[in-house]
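The values are calculated or read from the model by the stated rules, or taken from the named source; none is laboratory data. What you are looking at is a predicted structure, and each value in this text was computed from that prediction instead of being measured. Note that we place each Cβ from the backbone using ideal geometry, even for glycine, and neighbour counts take in every protein chain shown. Accessible surface areas use protein heavy atoms only, side chains included; no ligands, DNA or RNA. Shrake-Rupley method; radii C 1.70, N 1.55, O 1.52, S 1.80 Å.
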Amino acid sequence: MATKKKQKAWVAPLVFALVIILIAGLIVVDRLDSNGTILRSKTVLKSDNFSVSGTVMEFAVMTTYQNFVTQNQSYLQLFGLDTSKSLSSQKYGDGTWLDFFKESTETVLSQYLVYAEAAKADGMELSEEELANIDDTIESMKTVAKYYGYQNLNAYLASAYGIGVKAKDVKEFYKLATLANDYQSKIYKEIEDAVTDEDIAKEYKENPNDYSFVDVISYSDSISIANDLSDAEKETLKGSLMSKFNAIAAGTDAEGIKSAIREYLEEKNKTAALTDSADTVDVEEELAKIEETLSYSGITPTDAADWVFENTDGVYARNDGDVKIFEQYTEGGEANDSDEAKPDTYTVSIFFVAKAPYANDKATKNVGHILVKSDSYASDDEAKAKAEEILAEYKAGEMTKEAFETLGEKYTEDSNVFYYNVKEGQMVTEFNDWLFDASRQVGDVEIVKTESYGYHIMYFDGEGERKEWQVDCASKVVNTESSAKSEELTSTYNVEKNESAMKAVKGK
């Protein structure tokens, strides 16, 4: 008996000690979890030479979310996204909003890993300047953290992007993203430079409607037809409207067509007045709408678009002055317990080709600019003064394009000094307005301020070598070949995903 008592005497303290150790272990695990050590130790995505940790993924997911909120601020309620609630608590489709942002981010980071592998295989590395820019980004985050009253950057990052996210995670993310973007930009530029006039002509021949416009005079009108009328009565109503449009189509030229449409509208108003109907129209307002320049996708009904843009091997069948009438009949539906039967709708449309389909041959422009960002200076006045200083330095020299480019490489805060074959509307408003001013002369130099960026020392380099349609065709060729290259790289470099590690990414 004594022996058994002694065993109990030491067994109980041992069990108690194990419980204490277990509790202590749980406390350590909890602390590791709360400071991100466990999440950081998990590899969510990896390729042969690169990987994405749990905390890097956490930062990337929340960055994706924040960008989405910024870009869609006015539509968040419509989307059903509440920024005051956690993403994991809000349903989206078959999952949650957290699932949506994790999946979106996974797609992007998987591509980063693929392009980073390709960059490494190509011998590419981040430059000292790029590394310095990443460090500057971290420093700017420190300024933001201090502004909002955080003790240090890591405290701010944990609050903004998720517990455990630290400066080293941000740096790791930007290094991966920068290397991937460098290689993507390189292959894009190589593909872009290789596009020939033959490539452009081939693309246009295969898909002319993507790059063409037509000038038309068009007008449509509809009538309601009670579905309890006999077929003969329906045909009479349809025939009455069609005969009026046939009269419009009898116009021999653009002025004749417009005059006939005016007569139709005026007669319609007279009939409405006689019948005490409120269905009157503003004739001048309606006439102002009938002349348009349209693309294939801008024409309805579809059979009208097909007729207007009918072509064989990129050669259009339509000629100036061609005219055709189209009709649509839509059944309204039978009556049910809650609603009366809806009438049928008969619509007639006329299309007069004022100018047969043509390629968008508007001229492009070439322009140089040296960007001085307002955000890079303590005040807007300082940024403006720097721009004026650079302009003065340019004017004190040879004032050639080469001199401007040299100065731009020294001072600009943009990735490019010169942009070629710029389409109207491609750049921000103030930049665009200066560039496409009809009075612009080659060699013009001036400072232009844009609300989006700051001050631009502009240099006008004349018209581009390509018309707008050629630029669009070239862009399509480049995008198609870039997508093919991306698919090739994805099949070459394998990216593995750790499902359990991905589940550990909780967002906010």
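Inside the stretch 171-226, residues that are surrounded by 14 or more Cβ atoms within 10 Å (Cβ to Cβ), of a type outside the set (K, R) and either closer than 15 Å to Y115 by Cα or without any contact (Cβ under 8 Å) to a residue 12 or more places away in the chain (or both) make up a count of 13. Identify, by number, the condition in (1) open to solvent by 40 Å² or more (accessible area, probe 1.4 Å); (2) touching a Phe, Trp or Tyr at 6+ places or on another chain (Cβ under 7 Å) that I290 doesn't meet. Condition not satisfied by I290: (1).
Number of residues in the stretch 304-326 that are in contact with a Pro (Cβ under 7 Å, 6 or more places away or on another chain) and of a type in the set (G, A, S): the value is 1. Test K244 against the stated conditions and say whether it is open to solvent by less than 50 Å² (accessible area, probe 1.4 Å), modelled with pLDDT of 90 or more and not aliphatic (A, V, I, L, M). In short, no. Residue under question is T271, and the condition is that it be surrounded by 11 or more Cβ atoms within 10 Å (Cβ to Cβ), of a type outside the set (A, V, I, L, M), within 42 Å of the chain's Cα centre (by Cα) and modelled with pLDDT under 95; does it hold? So T271 fails the test. Please identify the pairs in which a residue from the stretch 124-139 that is at positive phi has its Cβ atom under 8 Å from the Cβ atom of a residue that is outside any helix (DSSP H, G or I) and open to solvent by less than 50 Å² (accessible area, probe 1.4 Å), counting only partners at least 6 apart or on another chain. Here the result reads none, with nothing in the stretch 124-139 linked to a residue that is outside any helix (DSSP H, G or I) and open to solvent by less than 50 Å² (accessible area, probe 1.4 Å).
Scanning the stretch 53-68 for residues that are open to solvent by 10 Å² or more (accessible area, probe 1.4 Å) and either among the aliphatic types (A, V, I, L, M) or assigned to a helix (DSSP H, G or I) (or both) turns up T63, T64, Y65, Q66, N67, F68.
Has the stretch 383-394 got at least one residue that is at pLDDT below 95 and not polar (S, T, N, Q)? Within the stretch 383-394, none of the residues are at pLDDT below 95 and not polar (S, T, N, Q).
Among the residues of the stretch 488-504, those identified as over 19 Å from V56 (Cβ atoms) and in contact with a helix residue (DSSP H, G or I) (Cβ under 8 Å, 6 or more places away or on another chain) are L489, T490, T492.
Quick grid of which residues meet (1) of a type in the set (S, T, N, Q); (2) closer than 25 Å to A177 by Cβ:
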position	(1), (2)
S51	yes, yes
G54	no, yes
L78	no, no
S84	yes, no
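Counting only helices (runs of 4 or more DSSP H) that fall entirely inside the stretch 233-336 and contain at least 1 residues that are within 19 Å of S212 (Cα to Cα), the qualifying elements are 302-308.
When L45, L109, L78 are checked against the criterion of being at negative phi, touching a Lys or Arg at 6+ places or on another chain (Cβ under 8 Å) and not acidic (D, E), a single residue qualifies: L45. Return the pairs, sorted by first residue and then second, in which the second residue is open to solvent by 50 Å² or more (accessible area, probe 1.4 Å), the first residue lies in the stretch 482-502 and is of a type in the set (D, E), the beta carbons are less than 7 Å apart, and the residues are 6+ apart or on different chains. Correct list of pairs: E496/K46.
Of all the residues in the stretch 74-102, those that are open to solvent by less than 50 Å² (accessible area, probe 1.4 Å) and either within 18 Å of A504 (Cα to Cα) or assigned to a loop (DSSP other than H, G, I, E, B) (or both) number 11. Looking only at the stretch 141-151, residues that are open to solvent by 60 Å² or more (accessible area, probe 1.4 Å) and either closer than 20 Å to E172 by Cα or touching a Ser or Thr at 6+ places or on another chain (Cβ under 6 Å) (or both) come to 2 in all.
Would you be able to say whether some residue in the stretch 337-344 is at pLDDT 95 or above and open to solvent by less than 80 Å² (accessible area, probe 1.4 Å)?
Scanning the stretch 337-344 turns up no residue that is at pLDDT 95 or above and open to solvent by less than 80 Å² (accessible area, probe 1.4 Å).
Within the stretch 152-170, the set of residues being assigned to a loop (DSSP other than H, G, I, E, B) and open to solvent by 40 Å² or more (accessible area, probe 1.4 Å) comprises N152, I163, K166.
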